[in-house]
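Take a look at the structure set out below.
The values are calculated or read from the model by the stated rules, or taken from the named source; none is laboratory data. Treat the numbers as computed from the prediction; the structure is a model and nothing was measured. Ideal geometry is used to build each Cβ from the backbone, glycine not excepted, and the neighbour counts take in all protein chains shown.
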Amino acid sequence: MTTEEILQKIYGFSELRPSQKAVIEAVETGRDVLALLPTGGGKSLCYQLPVIASNGRALVITPLISLMEDQVAELKRLRLKAVCIHSYLDIREKRLIFSQLQDYQFIFCSPEWLATDKARATVAQLNLTHMVIDEAHCISEWGYDFRPHYLLLHEVMKPGCQVIALTATADDKIIRDISQLLRRELLLVDKREERSNIFLSVKNPADKLKEIETLLDTSGPTIIYFSSKKRCNEVHQLLKERYKGMTYHADMTYEERMSVQIAFLSDRIHYVCATSAFGMGINKSNVRTVIHYHAPKSTLQYIQEIGRAGRDGEQAQAILLYDDEDLNLSYRLLQEDHLSESDFNLYINGAQLPEEKMEQMRILRSNFTDTEVLKVLKKEYLSKIAALRKMAEYGQLTGCLSHQLYNGIKPCNHCEYCQGQNLFTFDKYQEVKENDNRADYIKSLFKQG
């Protein structure tokens, strides 16, 4: 079948978006590709169609289990053979998957799994035609930091296996890092654009909780982002007296997080109070409002998180509740958590660092000389400081907000400085009858066909 026939028969679409068509045409040349598309731009189709059209098999590397499961469930709904491998599968499930791995066309996994001896032996036996890195900005943003196994991806890339890297979030540094760390020459297809259906505003309320309560009355489905898990829980405890919502952060169990995701996707709750753990793993089309209680660490993170809104193309809004102290908190956390020259010196002199930092150091030294490691650590620290400063500028801006986020050159038509303050009134939350379909959802991940 041709790409057009597959699009119609399997996906039920009559045509691709121009940006998707440009990416797929680039992939069809056979070159390794880095595709930049806006949030909600239909990135998944850009690798799925070429794999299906070539009767190939793809290994898809994703940063979040929820992201894997969403895509696997959707592919199975389309009657395509897909599976995900992650740490929450029990031994019997893993054994069954591995015994049938050659039957799957799309195999989803994390960079951490790929670093294991079992994974490398398994991948070596697979007849892979494509290696897909979804949310590829994580290679640069997380690889030098708390997800160092992203730096090892080049070790499992087979010659002749086409690489397709996709992201909505990249600047020049991230683009360079992706190519250099994958050790591939990537054809860049940049189809990013402003999400003009998301109205941008910044508020400086004296009482953030009261501001959120005022907004929630007419906000439609809403995500409220926090930098602090403690504050995330505290605000939810206060909000739940009037509104129906849940929390989502990394300290919750897999089952708890899945329950939140299913409840939000099925409109059983009005809002989610979340940390950045909810930033990529949710694909709900009708999110109308994204509120940031705390300013995130960078404008790129902000673009990623507000991109959860308005994925159906309808009007949505992104509101930052800005306070200088929020970024002071981010700065203090950066000081505490980043790998420093002092950590490096302690490590090479045999000192015992926290296990996470020991692993980061081991992987960095396997990829770079000691001199290069020190340069990388300094460069990454300065880059994160610069990102915090740019986010502070956004919060204090007295001009076009879109210009600051997207580096545009013209005034926009979707921010409070260009269009004036705009209070949107979305449909009020209507409680949906409770029906926990978790069991059906989990079954969909493992059934074949």
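Say whether the condition of being among the small types (Gly, Ala, Ser) and either farther than 30 Å from Ile223 by Cα or part of a helix (DSSP H, G or I) (or both) is met by at least one residue in the stretch 314-322.
Initially, the stretch 314-322 is screened for residues among the small types (Gly, Ala, Ser), giving 316, 318.
Checking which are either farther than 30 Å from Ile223 by Cα or part of a helix (DSSP H, G or I) (or both) leaves us with none.
For the stretch 314-322, residues among the small types (Gly, Ala, Ser) and either farther than 30 Å from Ile223 by Cα or part of a helix (DSSP H, G or I) (or both): absent.
Does Asn328 qualify as being among the polar types (S, T, N, Q), modelled with pLDDT under 90 and assigned to a loop (DSSP other than H, G, I, E, B)? Walk me through it before giving the result.
Details: among the polar types (S, T, N, Q): yes; modelled with pLDDT under 90: yes; assigned to a loop (DSSP other than H, G, I, E, B): no.
It is false that Asn328 is among the polar types (S, T, N, Q), modelled with pLDDT under 90 and assigned to a loop (DSSP other than H, G, I, E, B).
Kindly list the number of the only condition in (1) on the phi > 0 side of the Ramachandran plot; (2) part of a helix (DSSP H, G or I) that fails for Ser366.
(1)
Among the candidates Ile97, Ile61, Ile85, single out the residue that is within 22 Å of Leu181 (Cβ to Cβ) and either β-branched (Val, Ile, Thr) or buried (at least 20 other Cβ atoms within 10 Å of the Cβ) (or both). Break it down stepwise before answering.
Working: Ile97 fails: within 22 Å of Leu181 (Cβ to Cβ); Ile85 fails: within 22 Å of Leu181 (Cβ to Cβ).
That would be Ile61, the only listed residue that is within 22 Å of Leu181 (Cβ to Cβ) and either β-branched (Val, Ile, Thr) or buried (at least 20 other Cβ atoms within 10 Å of the Cβ) (or both).
Kindly indicate which of Leu334, Leu327 is touching a residue at least 40 places away in the same chain (Cβ under 8 Å), over 19 Å from the mean Cα position of the chain (by Cα) and buried (at least 20 other Cβ atoms within 10 Å of the Cβ).
Details: Leu334 fails: buried (at least 20 other Cβ atoms within 10 Å of the Cβ).
Result of the check over Leu334, Leu327: Leu327.
Any residue at all in the stretch 187-208 that's assigned by TED's automatic domain parsing to the domain that holds Asn407, part of a helix (DSSP H, G or I) and either in contact with a helix residue (DSSP H, G or I) (Cβ under 6 Å, 6 or more places away or on another chain) or surrounded by 15 or more Cβ atoms within 10 Å (Cβ to Cβ) (or both)?
Yes, the stretch 187-208 contains at least one residue that is assigned by TED's automatic domain parsing to the domain that holds Asn407, part of a helix (DSSP H, G or I) and either in contact with a helix residue (DSSP H, G or I) (Cβ under 6 Å, 6 or more places away or on another chain) or surrounded by 15 or more Cβ atoms within 10 Å (Cβ to Cβ) (or both).
If only one of Thr398, Thr371 is at pLDDT 90 or above and of a type in the set (Val, Ile, Thr), which one is it? Full working, then the answer.
Details: Thr398 fails: at pLDDT 90 or above.
It is Thr371.
Ser227 fails exactly one of the following numbered conditions: (1) more than 25 Å from Ser285 (Cα to Cα); (2) at pLDDT below 95. What is the number of that condition?
(1)
Suppose the filter is in contact with a helix residue (DSSP H, G or I) (Cβ under 7 Å, 6 or more places away or on another chain), assigned to a loop (DSSP other than H, G, I, E, B) and aromatic (Phe, Trp, Tyr); does Tyr144 pass it?
Against the criterion (in contact with a helix residue (DSSP H, G or I) (Cβ under 7 Å, 6 or more places away or on another chain), assigned to a loop (DSSP other than H, G, I, E, B) and aromatic (Phe, Trp, Tyr)), Tyr144 qualifies.
Just the residues that are touching a strand residue (DSSP E or B) at 6+ places or on another chain (Cβ under 7 Å), β-branched (Val, Ile, Thr) and within 23 Å of Ala165 (Cα to Cα), please, taken from the stretch 62-102.
Thr62, Val72, Val83, Ile85
With respect to Leu16, is the statement that it is farther than 30 Å from Arg176 by Cα, without any contact (Cβ under 8 Å) to a residue 60 or more places away in the chain and either of a type in the set (Gly, Ala, Ser) or outside the structural domain of Arg257 (by TED's automatic domain parsing) (or both) true?
No: the conditions fail for Leu16.
Would you mention how many residues in the stretch 37-50 are out of contact with any Ser or Thr (no Cβ under 7 Å at 6 or more places or on another chain) and part of a helix (DSSP H, G or I)?
7
Would you check which residues across the stretch 133-184 are among the acidic types (Asp, Glu), closer than 20 Å to Phe368 by Cβ and in contact (Cβ under 8 Å) with a residue 40 or more places away in the chain and list them?
Glu141, Asp145 - these are the residues of the stretch 133-184 that are among the acidic types (Asp, Glu), closer than 20 Å to Phe368 by Cβ and in contact (Cβ under 8 Å) with a residue 40 or more places away in the chain.
So, Ser402, is that one part of a helix (DSSP H, G or I), touching a strand residue (DSSP E or B) at 6+ places or on another chain (Cβ under 7 Å) and either in contact (Cβ under 8 Å) with a residue 60 or more places away in the chain or of a type in the set (Asp, Glu) (or both) or not?
Spelling it out, Ser402 is indeed part of a helix (DSSP H, G or I), touching a strand residue (DSSP E or B) at 6+ places or on another chain (Cβ under 7 Å) and either in contact (Cβ under 8 Å) with a residue 60 or more places away in the chain or of a type in the set (Asp, Glu) (or both).
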